[in-house]
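Working notes, beginning with the structure itself.
No value in this document is a laboratory result; all are computed from the given coordinates. Keep in mind the model is a prediction, meaning the values are calculated, not measured. Reconstructed Cβ throughout: ideal geometry from the backbone, glycine too, with neighbour counts over all protein chains shown.
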Amino acid sequence: MHGRAGWTAYGVAFALAAFAMMAAAQQPAPPPVRPSYGQGINLETAKRIAAASVVEAKKNSWNMAIAIVDNHGMLVYYEMADDTQTASANVAVEKARTSAMWRRTTKEFEDNIAGGRVAILGFPGVTPIEGGLPIIVNNRMVGAIGVSGGTSPQDGQVAKAGLEALK
C-alpha cells in the first residue's frame, strides 16, 4: 500500500483494533461462584472458632465482641471481652449475619462502596464493614463469624484467626 490510501487503511485497522481492545477491557467480570449452603454450624465448632479469635485478640490486647451465626444468620455463639465498646456488641452480630445471608465477606461490600457502588447501601441487612467472614466447611456455607471492637482491619484479622482453627 502506498500513499494516502495505505495510511488510511492502517488508520482504520488501528482504530478497529483499539476499539476491540477497549470493548474487551470493559466487559464486566463474571460474578464469583458462592458456596452452596450446608448444614448449619454446631455449637462445638462455633466455640472452637471463637476461642481461636479470642487468642488473637488477647495477643494484641484488643477488646472484641465475637459472634458466630449459622448459615442463615441465626446466632449460635457470642462472646464479648470486658471493656469492649458497647456498640461492638451489635455490630459483631450484624457483620456475621451479613456474611452468612449474603455468602461473602463484609469487606467485599466495604470495597464496593469505596469503589463508588453506593447502591449497596440500599441492600437490606448489609453491614459493609470488614470483620465478617463466611465459615466454609467441605465447600459448603455452614455459618459466619463477625468481629467488632477494633479497627476494621483488626476485626478482620481476628475473624480470620478464628477460621484458621478449622484447618
TODO: Treating only the Cβ atoms of Lys and Arg (+1) and Asp and Glu (-1) as charged, compute the dipole magnitude of region 80-167 about its Cα centre; round to the nearest 20 debye.
DONE: 440
- [ ] With a 10 Å radius around each residue's Cβ, average the other Cβ atoms per peptide and rank 58-68, 144-154, highest first.
- [x] 144-154, 58-68
Task: Percentage relative contact order, region 33-138, counting C-alpha pairs under 8 Å, at least six apart - done: 23
TODO: Figure the gain on full extension for S61 and L166 (residue separation times 0.36 nm, minus the Cα-Cα span) and round it to one decimal in nm.
DONE: 35.5 nm
- [ ] Compute the Cα gyration tensor for region 121-167, then decide on rounded, prolate or oblate, letting a ≥ b ≥ c be the square roots of its eigenvalues: rounded whenever a/c is under 1.5, prolate when a/b is larger than b/c in the other cases, and oblate in all that remain.
- [x] oblate
Open item on the list: What does the C-alpha gyration tensor say about the overall shape of region 36-164? Classify as rounded when a/c is under 1.5, otherwise prolate if a/b is larger than b/c, or oblate.
Closed with: oblate
TODO: Please compute the net charge surrounding Q154, taking Lys and Arg as +1 and Asp and Glu as -1 over other residues with Cβ under 12 Å from its Cβ.
DONE: -1
TODO: Would you mind getting me the FRET efficiency between Y37 and D83? Use the beta-carbon distance for r and R0 = 35 Å, nearest 0.05.
DONE: 0.45
